[in-house]
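The values are calculated or read from the model by the stated rules, or taken from the named source; none is laboratory data. Values in this document were obtained by computation on a predicted structure and should not be read as measured data. Note: ideal-geometry Cβ built from the backbone for every residue, glycine included; neighbour counts use all protein chains shown. For accessibility, only protein heavy atoms count, side chains too; no ligands or nucleic acids. Shrake-Rupley method; radii C 1.70, N 1.55, O 1.52, S 1.80 Å.
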Amino acid sequence: MFDKDFWQEVLQTIRQQKWRSLMTAFGIFWGLLMLMFLIGGGIGFKEGIVGQLKQMPANSVEYITGTTTMTYNGFERGRSWNIDFKDVEAIQNKFPGSVLQSVYIKYLPDPGNTLTVTSINATDELVVAGVSPFLEVMSPQRVVSGRYINEFDCTERRKVCVIGSEVAKTLFPDDSSPIGQSISIGGTSYDIIGITKKTNDMVNFGPHESKSVFLPITTAQYVFNVVGKTDRLFLVLDDKYPTADYSKPIDNIIRQRHQLHPDDDAALITVDLKSQLNQFDIMIGGVNALVWLVGLGTLLAGLIGISNIMMVTVKERTQEIGVRRALGAQPWSIIKQIMCESLVLTLAAGFAGLVAGVWGLYAVNRMTAASMSDGGFFTNPHVPFIAAIAALFILVLGGLFAGWLPAKRALAIKAIEALREE
């Protein structure tokens, strides 16, 4: 049953030490506010760095060609080479049904070089690459206008292209829509069918999506006389062929076909995308653990402050407690009052900190909504409901414990000694 007189007495005691109570409660408020910001910030970084990668097939592996650094089977070091379409055929023959999707990238004319790209308004030196349609899924990018390269573009070797958002601003400074217009590369004209924008600057799967020009892979190979040759290969494997077990055997197939030394890591770089995601998850897990450690440490400091202030309050109320004991007050009634005073301070300050933290994160999300819509390393900061409830639960336990120690001190006061207290 609700005891109105009891709670009025609790609130009256708190009001008697108004400034002391406010300053003590501020420690709890600030501690929970910082915990909410830390949790929300951690989730924002997680969704920004890892969230977009979760959209791509996890059981994927990337192979990147390089320059040989070791002699092998009569071939000198310093040799450049290319992955070709027949490599994937050899992989399928060795492991039937293993490759669900293959994605090719061919830098034109070679990695590290640029080409002169001309529009009706401007000219620039840009990275140009032939790519497979599925790169739209593998790479962190978003088509902001038009469409991406599709299978028909590749099958028919269409002279079309997708340009990066920054390229569009450079080649078409008059703000006219590039879609449907043409650009010239090496004397060949290509119709612009789409504009793409990079959505995660911390992840690189090839040419910068916002700063490059992309052609259908077969068109690029045909026009630049590099039919069948690629510089990067992404393979999406069937779940029956986990990359942890099969990325190395596939690596060996490619090395054998191109006469690469088995230990020449610079000649062929293998990137297991699933392991990369796992590393990101481990990193984010460590950040989350640090967030809770720092946040709970701040909360603990506030709870210690409340415990100390309750100790001082008990000391100042020695005579009052002695009189109540002499009049027959039960020990539990004294313990309950002191613990409830502590709990009221803790919950009031904690709830205020929780609300301020949630609204603060909402404001941050609104202010950065434009940049977040394009991705980045910080996206949609928020506090999960479970985390908020867990923080309040910890706060309740902490508030009760903070009141328990002063309550024990109150019970140790003997009535006769308290009445003599000056």
Work out how much length residue 386 to residue 362 would gain on full extension: take 0.36 nm times their residue separation and subtract the Cα-Cα distance, in nm to one decimal. 6.9 nm
Would you mind getting the accessible area per residue of segment 155-279, heavy atoms of the protein chains only, 1.4 Å probe, in Å²? 44 Å²
Compute the signed sum of charges (Lys and Arg +1, Asp and Glu -1) over the other residues within less than 10 Å, Cβ to Cβ, of residue 261. -1
Computed E for residue 77/residue 290 - FRET, C-beta separation, R0 41 angstrom, nearest 0.05: 0.35
The local net charge around residue 118, scoring Lys/Arg +1 and Asp/Glu -1 for residues other than residue 118 whose Cβ lies under 11 Å from its Cβ, equals -2
Pop out the carbon and sulfur fraction of the accessible area of segment 59-217 as a percent, whole number, probe 1.4 Å. 49 percent
What order do 159, 240 take when sorted by accessible area (1.4 Å probe), most exposed first? 240, 159
Using the per-residue mean of other Cβ atoms lying within 10 Å as a proxy for protection, in what order, highest first, do the peptides 352-365, 162-175 fall? 162-175, 352-365
For residue 56, the accessible surface traced by a 1.4 Å probe with all protein chains present amounts, in square angstrom to the nearest 10, to 10 Å²
Residue-normalised value, i.e. accessible area per residue, for segment 108-154 at 1.4 Å probe, in Å², stands at 44 Å²
Ordered by packing density, taken as the mean number of other Cβ atoms within 10 Å over each peptide's residues, highest first, how do 383-393, 214-224 rank? 214-224, 383-393
Ranked highest first by the average count of other Cβ atoms within 10 Å around their residues, in what order do 72-84, 227-239 fall? 227-239, 72-84
Quick one: if you stick a label point 7 Å off each Cα along the C-beta vector at residue 122 and residue 240, how many nm between them? 5.2 nm
Cα→Cβ-extended label distance, 7 Å offset, between residue 279 and residue 150, nm: 3.7 nm
